[in-house]
Amino acid sequence: MHKPARIWLGVFTAGFAVIVALFLVTLFTQPAEGGLTRIGRVSETAFGWRSVPPPIPMTAVRGWEPAEADILVIGDSFSMYYAWQSPLVAAGYKVATTHWDRTGPLCTDFPAWLQSIGFHGRLVILESIERLLPERLEQAQACATMARRPLKSLPVPTGSPSQPPPPRRLNWTSPLMTGLVTWRNTRQIVRTDGVVDVEHERFGDYIFSSPVAEGCRQFSSPVCDKSLFLTADRTNRELQPADADFMAAFARRAAPVQVMWMVVPNKTTVYLDTRNARAFADRADALGIGPDLFAMAQAQRLNIIDLYWPNDTHWSMQGQVYFGGRMREAVQAALAVPSSRERP
């Protein structure tokens, strides 16, 4: 064999060996199940949850269209599981759930818009994660008229949202470099004592890892003294008492329909920046615009393991059921008082 041919054969063999090695590393890298492990390309084996979720009966995982409902929920991804709503359904309420993306900004004509979609119930719950609420409130303050279009509820899950931890499986679908990048990112997180900003080729510094005090009391993941968080939790504007004032005024304008605000604290606020938005939460509690989930989360994060998933930014099913129970209590208290159209 000529020398150039031997050189090219050696290069091809070496390249082929590298590709096979990368393929095998990715193949045996557990596919990411959580939003944060997926976006940050961090090991699911290290940060996946291992706790046993509470059962959620499918009889309580139901939805109605707005025209049929007692309660209309306008929410975000925290409401898409139909899990926190299940205690309300179990208590006998007909709940319609839709998304902020489907309604558009909630404008000055919100009461007329409710009539236009055929809602005849007594209560609207406006659920929003903390980090996105400032933008949603700013949009509401800047608009007068909501879009008049048919409004459908979100699809109801076909199976129970409460499932056991996913089993280990081979990763056939991820890009070739996924395994190596995941190993590198996870190694950096585990070996670093402080905060690690995880770079993403499209999103940049989109997530970060951080040590969590008493983390192994709060997370069931194998790496439990640290957790993963969204960078936007810290870069988006902090909620202020003036926001609570606007939310109270918005609720008053909707009468006789009652409006309850359901502000879900950021995962970062619960486990790291525990004083974030506290002035807002205190003002909101004083105005009575909705239950104080900030205080509830602080009270329960050491009692409920995986209140938020370690590999995700959302509540676990434990968190969904706990906060759903508190929302049921708040709803029952609110609806125990007759509305203005029911009073003699």
Fill in the blank from the handout: By residue number, the members of the range 318-340 that are open to solvent by less than 40 Å² (accessible area, probe 1.4 Å), closer than 24 Å to Arg252 by Cβ and either in contact with a His (Cβ under 7 Å, 6 or more places away or on another chain) or hydrophobic (A, V, I, L, M, F, W, C) (or both) are Met327, Ala330, Val331, Ala334, Leu335
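This table checks each residue for (1) among the hydrophobic types (A, V, I, L, M, F, W, C); (2) modelled with pLDDT under 95; (3) closer than 30 Å to Gly215 by Cα.
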residue: Trp113; (1), (2), (3): yes, no, no
residue: Phe119; (1), (2), (3): yes, no, no
residue: Leu132; (1), (2), (3): yes, no, yes
residue: Arg149; (1), (2), (3): no, yes, no
residue: Ser153; (1), (2), (3): no, yes, no
residue: Ser160; (1), (2), (3): no, yes, yes
residue: Leu170; (1), (2), (3): yes, yes, yes
residue: Thr182; (1), (2), (3): no, yes, yes
Exercise for the section: Might you check whether a residue that is in contact (Cβ under 8 Å) with a residue 60 or more places away in the chain and closer than 30 Å to Phe229 by Cβ occurs anywhere in the range 93-106? Expected result: yes
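Residue-wise test of (1) under 30 Å from Arg187 (Cα atoms); (2) at pLDDT 95 or above; (3) out of contact with any Pro (no Cβ under 8 Å at 6 or more places or on another chain); (4) not basic (Lys, Arg).
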| position | (1), (2), (3), (4) |
| --- | --- |
| Ser220 | yes, yes, no, yes |
| Asp233 | yes, yes, yes, yes |
| Arg252 | no, yes, yes, no |
| Leu302 | yes, yes, yes, yes |
Problem - In the range 215-235, residue least open to solvent (accessible area, probe 1.4 Å) [restricted to those that are in a helix (DSSP H, G or I) and closer than 21 Å to Arg131 by Cα] - result: Asp233
Problem - Output for the range 132-150, where each listed residue is free of Cβ contacts under 8 Å to residues at least 60 places away in the same chain, aliphatic (A, V, I, L, M) and in contact with an Asp or Glu (Cβ under 7 Å, 6 or more places away or on another chain) - result: Ala144, Met146
Exercise for the section: Filter the range 187-203 down to residues that are assigned to a loop (DSSP other than H, G, I, E, B) and at pLDDT 90 or above and give me whichever is most open to solvent (accessible area, probe 1.4 Å). Expected result: Asp193
Problem - Residue within the range 297-317 that is touching a residue at least 24 places away in the same chain (Cβ under 8 Å), open to solvent by 10 Å² or more (accessible area, probe 1.4 Å) and closer than 30 Å to His120 by Cα present - result: no
Practice task
Name the residue, out of Ile74, Ile39, that is in contact with a His (Cβ under 8 Å, 6 or more places away or on another chain) and within 23 Å of Gly215 (Cα to Cα).
Solution key: Ile39
Handout entry: Qualifying helices (runs of 4 or more DSSP H) (wholly inside the range 236-343; at least 3 residues being of a type in the set (D, E, K, R))
Key = 241-253, 278-287, 317-335
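The values are calculated or read from the model by the stated rules, or taken from the named source; none is laboratory data. All values derive from a computational prediction rather than experimental measurement. Every residue, glycine among them, receives a Cβ derived from its backbone with ideal geometry; neighbour counts consider all protein chains shown. Areas reflect the complete protein model, heavy atoms only, side chains present, ligands, DNA and RNA absent. Shrake-Rupley method; radii C 1.70, N 1.55, O 1.52, S 1.80 Å.
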